[in-house]
Amino acid sequence: MPLLKVDHMTKNFGGLVAVDDLSFNVEPNSIVGLIGPNGAGKTTVFNCITGNYTPEAGSITFDGQSIKGLRPHKIVELGIARTFQSIRLFSDLPSIENVLAGRHCRMKAGMLSCLFHAPSQKKEEEASVERCMEELAFVGLAHHWQDPAGSLSYGNQRLLEIARALASDPKLLILDEPAGGMNEQETKALVDTILAIRKRNITILLIEHDMRLVMKICEKLLVLEHGSLIAKGEPSSVRNDPAVIEAYLGSDANKW
Amino acid sequence: MEQFLQQLLNGIAVGGIYALVALGYTMVYGVLKLINFAHGDLFTIGAYLGLTLLVSAGIAGALPLFAAILLVFIMVALFVALIGFLLERTAYRPLRSAGRLSAVVSALGASIFFQNAIMLIYEPRVYVFPDFLRPTFTISLFGFTFPGIRLFIVGVSILLMLLLWAFIQKTRVGTAIQAVAIDQDAARLVGINVNKIISLVFLIGPGLGGIAGLMVGLYYGQIDFTMGWGYGLKAFIAAILGGIGNIPGAMLGGFLLGIIEALAAGYISMAWKDAIAFFVLIVILIVRPTGILGERTAEKL
Amino acid sequence: MHDTTAAHHFHAEKNKTVGRFFEHNKRSVFYVALILLFAAFPLTGSSYWIDLGVNIGFYTLLALSLNVILGQAGIFNMGHMAFYGVGAYVTAILNTVWHWPVFWTMPLAGCAAGLFAAIVARPIIHLRGDYLLIVTIGIVEIVRIALLNDIGGLTGGSNGIFGISRPVLFGFKIVKPIHFYYLVWGMVAVSYLLFYMMRRSRFGRALNYIKTDDVAAEGCGIDVAHYKLLAFVLGATWAGMTGSIYAAKMTTIAPESFNFMESCIIFAVVILGGGSQLGVLISALLFIGLPEIFRQFNDFRMLLFGLAMMLMMIWRPQGILPMRPRLYAVSKKLFSGAKESTSKGQEKIA
Amino acid sequence: MKKLLLLLLLCCLIPALCQAETLKIGLMCPLTGKWASEGHDMKNIVSLLVEERNNLGGVQGKTIELIVEDDAGDPRTAALAAQKLSSAEVVAVIGTYGSAVTEASQSIFDEAGIVQIATGSTSVRLTEKELPLFFRTCPRDDAQGLAAAEAIAKRGFKKVAILHDNSSYAKGLAEESRNELKKLGVGVIFFDALTPGERDYNAILTKLKTADPDLIFFTGYYPETGMLLRQKKEMGWNVAMMGGDAANHQDLVKIAGVDAAKGYFFVSPPLPQDLNSKAAKDFLASYKEKYKSEPVSVWAVLAGDAYKAIESAFALKHSDAKSIAGYLHKLSGLQGFSGDLGFDAKGDRIGKFYRTYTVNGEGKFVIENE
């Protein structure tokens, strides 16, 4: 059974069809890349899955449960965590608190126990801080734990977003251009981090323009143009698909 | 039915004034995202200054009435614009980088300051425009009789709205104002002097407020130093109702608020009139979260 | 090479933690001194100064409760007086009609205000910035007009309600300004502590995430609407309880005490405070103290106050004291683990 | 900034240190806020009277010291002003305007043992509490309601529309009048409130017109009364209109215009300029000399009456609050600026002194002789 199943999904903005009758599956423990030229509707697909947009038609099933129309926080709770294309960290807050934001939905302390710092709340708080430090360490940012997120380098901010997403114990991690703005060295480290995430039995769905990265780590590629799927399959076969070459040559060929 | 039409006319007359005050409000908001709570008091200054110039300074006696009033309108607009300009320079500009709410608090302070300054300069009593200044012709249309000045006020506010709208849409400076409203940094990058544009906006907005104040004085004949607070609040509601930052929206919001109030007073309860108006506003905002003509931009992710 | 850098980081961390500890103690000393100062104040002043102190206390309580909504969660609420008024009227009605002791009505007044907030805020909490601002102004005006129009014949119209009895605490009747002074400032101390603890918890953090970026917060798994509502209800409940004591202090209340202008003042207190509770306290002191200090200038009193309001904002555009970062006890053991993985990360890159 | 604040603090403390042998009385009035004009008139009148007395050598060989505090027309500020006056150890306080505001100060003065004479606080319940040290020089709403109802009945109106402004004064008067009219068998066909402080009452007048009354009784203040008269005239609606004592202000006619105001009538205690007594005439002369105008509001004049009562107590060597109160409770027939002055056991002003005024063709208030 696929972990995520998108079925005949359509999303319009006014008169514009951003996603057109799209269907695809994401199998458990795989790394799937969603690629396509700029404006193909990739991020819109992500936003529909994460609940930021509600598609007009079709269905989205995650782990056997329909998630269409649920609010984003609910979807995170069910196990889909995401990063944003334009980094959206809480830039004034220290890194550790950014990661704690991801942990929030796994914590239980209610308003009253927060006001009075009940013993259970204290215990949970300690455990969560520890867990979040581990996530920071996992992406290699432990020593930045109390630096404001906004003070980190661009590449580190992307890693911090990943740590924040990981803290919510996701089954599926959705990365929107994780290597955007990274230099070559950082990208290499990112590849290792993504592979390490997979080792934790977390499925990954990513949008990326860096084709070398995509080819290296993705087991399956989905190619999107004008909101429709024009090709899917293993990287090697997709690479030679004439429709894909046409789409990319037509617009953004240098990205190959 | 006749009562209904009469109430509709009453509402439009009141709404015209709300719209006029709301124009200046929305203009400042559109560019700076600042709720200028002092706008109502600039409006009051316009009314007092007009009275002083016309009566105490004797302009009304020195010139033919129509010319005198026109001249005083221009003088009031210029003077209140100057106050608005200075206000922005001293009380708002230092706070521009500090977030919008700091400037809102400063604006509240300015409102208290102006209100008390007027009270101290003049006396804390009601001032009355002498009768000879008030045009008292009446118009009969379709069986309704109403003071001509009502029509005049509605006409002037529509005219000013159109002028302002044309200025913003059709001129180079207007385009620059729009650019600053959308993104100050980007506007600066393309060579627009943002400070100058903001100063200009703070000349136009308060100038309009001053004109509105004098019109209220001439029409109703009675002014006092606290009147700006109420009109300012109503204008803010009107601007929000139409979609704040939007010039035709301010106009629409003003008229709509006037009509809602008149109908509420006429058909439901006079004492609850303002509460009903607020209630309608809240309901409209629940249905249309950015006002009637407000832009509904999808959050970019 | 990287080993030494990591070690260096570790030492720096340790020093920072030690530094924080001293800072923490310095803060304790400061707060003890502050409490002593407030406790000793009535011994020196006349009843006028004490009464002024009580007034400042009321505004501090209101501002602390609004700080949860506006300062922590970033919800533009300019109608806080509505909840204060609901609390005051609930106490007044229960006390004068059914003769409940004032202290019994206090939790109920708080709950009533909280419930009222929950009902009115539910449909509007998703509104953004200024639209929410005008709606909250609308709420405070609707409440005032409703009280003025004597809803259900209970609120007494513009006359308000009079003859509210004084509260009795363990057989001790609270009558004089000095009694109220200790009662109100005791409540301030409790609220200060509770809200401080709240800020250092999952709940407090969630509010800060929402204030910074509500879309990102929702995307991280935080139920934004729920937490906004909770903050609103918590703040309103506190304002309601404050209103309850206010009614007992004044013994007579009228709708005009809960108007829009007063809401603006509270709003300004919170903004000038800058988000931190100490800032809010200082700000309340300034806002309520200044008009009284300006009393000798008679007619010029409010003129100077308006001027001072502008000057204070220009003097401190970000507020008097911005929020301090929270402290986290990150254990040593964790750090040695962190150090390892850091070096691992660096190896990978190399 | 900090130094400035310190300096201000010092300024506040210094006056408290140096005090000579004086008789201290307080005046609490709205110097800022929406009722500031009343407060300024009150301050003008009382300080003029104090000055005159001190120029004549004071009373009991001591000068009278007047301490003025602003209550801003707001109960909370009033409570603080009352505390401030209590701390200043005054024996008696004049003020204030507005029943809710007065009420907020009542218990403070009572607990501090200070005589309070309210001037513009007509709510019935203020004296029903029977506080021993509380008095008022203004009449109560029920007295005025009776006077108004009698005036209406005498003129033979049958269908009255009562309009108030939701202020505690106007609503009190409206309700008392409705009760009295019912007793006299006059029909009240409309009863509602308008929002004070607005300019445009056309919507309200349009609604009133459909009710078709033969008299509109608006119990609120003169600015709204003026606007109602003016807009009623503009509508071309000729219906009689009357008011209560809050309409007794010279600006009324200016706001309404002479034509629109003609025929309007109201019940009110008389202003000094309408009285023939020596006290009223002397006062009017010195007021005109000092302020170059006539007192415009009856409420401010009532503050003068309150001062007159306190001064007469001082003159008879009553100098502590208890004996002053004892004296005042028995006082009657003292010449005040608005007629004879005296108090009953509750502290209410005795005597029936309501008059009916009508606006004549020149826009002057003409008092009707009863």
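Table for the structure above
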quantity	calculated
Tally of residues being in contact (Cβ under 8 Å) with a residue 40 or more places away in the chain and of a type in the set (Lys, Arg) across segment D:160-185	1
Close pairs (6 angstrom Cβ cut-off, 6 or more residues apart or separate chains): farther than 13 Å from D:Thr32 by Cβ in segment C:282-304, hydroxyl-bearing (Ser, Thr, Tyr) and buried (at least 20 other Cβ atoms within 10 Å of the Cβ) anywhere	C:Ala284/C:Tyr59; C:Ala284/C:Thr60; C:Ile288/C:Tyr59
Residue in segment B:206-226 that is among the β-branched types (Val, Ile, Thr) and within 14 Å of B:Leu23 (Cα to Cα) present	yes
Unique match (being more than 8 Å from every other protein chain (Cβ to nearest Cβ), of a type in the set (A, V, I, L, M) and either crowded, with 24+ Cβ neighbours inside 10 Å or under 22 Å from C:Arg199 (Cβ atoms) (or both)) among C:Ala247, C:Ala268	C:Ala247
Residues that are surrounded by 24 or more Cβ atoms within 10 Å (Cβ to Cβ) and in a helix (DSSP H, G or I), drawn from segment B:278-292	B:Leu281
Count of segment D:261-282 residues which are in a helix (DSSP H, G or I) and at pLDDT below 90	8
Cβ-Cβ under 8 Å pairs, at least 6 apart or on other chains, segment A:125-137 side more than 8 Å from chain C (Cβ to nearest Cβ) and under 12 Å from A:Glu97 (Cβ atoms), far side small (Gly, Ala, Ser) and outside any helix (DSSP H, G or I)	A:Cys132/A:Ala167
Within segment A:150-176, considering residues that are open to solvent by 30 Å² or more (accessible area, probe 1.4 Å) and not in a helix (DSSP H, G or I), the one modelled with the lowest pLDDT	A:Ser153
B:Thr175 vs. criteria under 29 Å from B:Ile192 (Cβ atoms), among the polar types (S, T, N, Q) and either surrounded by 12 or more Cβ atoms within 10 Å (Cβ to Cβ) or modelled with pLDDT under 80 (or both)	yes
Hits in segment D:34-65 - residues which are over 19 Å from the mean Cα position of the chain (by Cα) and hydroxyl-bearing (Ser, Thr, Tyr)	D:Thr63
Residue that is nearest to the other protein chains (Cβ to nearest Cβ) [pool: residues in segment A:60-72 that are open to solvent by 10 Å² or more (accessible area, probe 1.4 Å) and outside any loop (DSSP other than H, G, I, E, B)]	A:Pro72
Qualifying residues in segment D:160-208 (those that are of a type in the set (Phe, Trp, Tyr) and either more than 11 Å from every other protein chain (Cβ to nearest Cβ) or not in a strand (DSSP E or B) (or both)) - the one least open to solvent (accessible area, probe 1.4 Å)	D:Tyr201
Check on C:Ala206, more than 15 Å from the chain's Cα centre (by Cα) and modelled with pLDDT of 95 or more	yes
In segment D:340-359, the residues that are open to solvent by 20 Å² or more (accessible area, probe 1.4 Å) and within 14 Å of D:Pro270 (Cα to Cα)	D:Asp340, D:Gly351, D:Lys352, D:Phe353, D:Tyr354, D:Arg355, D:Thr358
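One line per residue, one yes/no per condition, for (1) in contact (Cβ under 8 Å) with a residue 40 or more places away in the chain; (2) in contact with an Asp or Glu (Cβ under 9 Å, 6 or more places away or on another chain); (3) aliphatic (A, V, I, L, M):
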{"residue": "C:Val168", "(1), (2), (3)": "yes, no, yes"}
{"residue": "C:Gly171", "(1), (2), (3)": "no, no, no"}
{"residue": "C:Ile174", "(1), (2), (3)": "yes, no, yes"}
{"residue": "C:Leu234", "(1), (2), (3)": "yes, no, yes"}
{"residue": "C:Ala239", "(1), (2), (3)": "yes, no, yes"}
{"residue": "C:Ser244", "(1), (2), (3)": "yes, no, no"}
{"residue": "C:Ala248", "(1), (2), (3)": "yes, no, yes"}
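The values are calculated or read from the model by the stated rules, or taken from the named source; none is laboratory data. Predicted model only: the values in this text are computed from it and were never measured. When we count neighbours, we look across all protein chains shown, and the Cβ atoms used for this are built from the backbone with ideal geometry, even at glycine. Please note that ligands, DNA and RNA were not included when accessible areas were found on the heavy atoms of the full protein model with its side chains. Shrake-Rupley method; radii C 1.70, N 1.55, O 1.52, S 1.80 Å.
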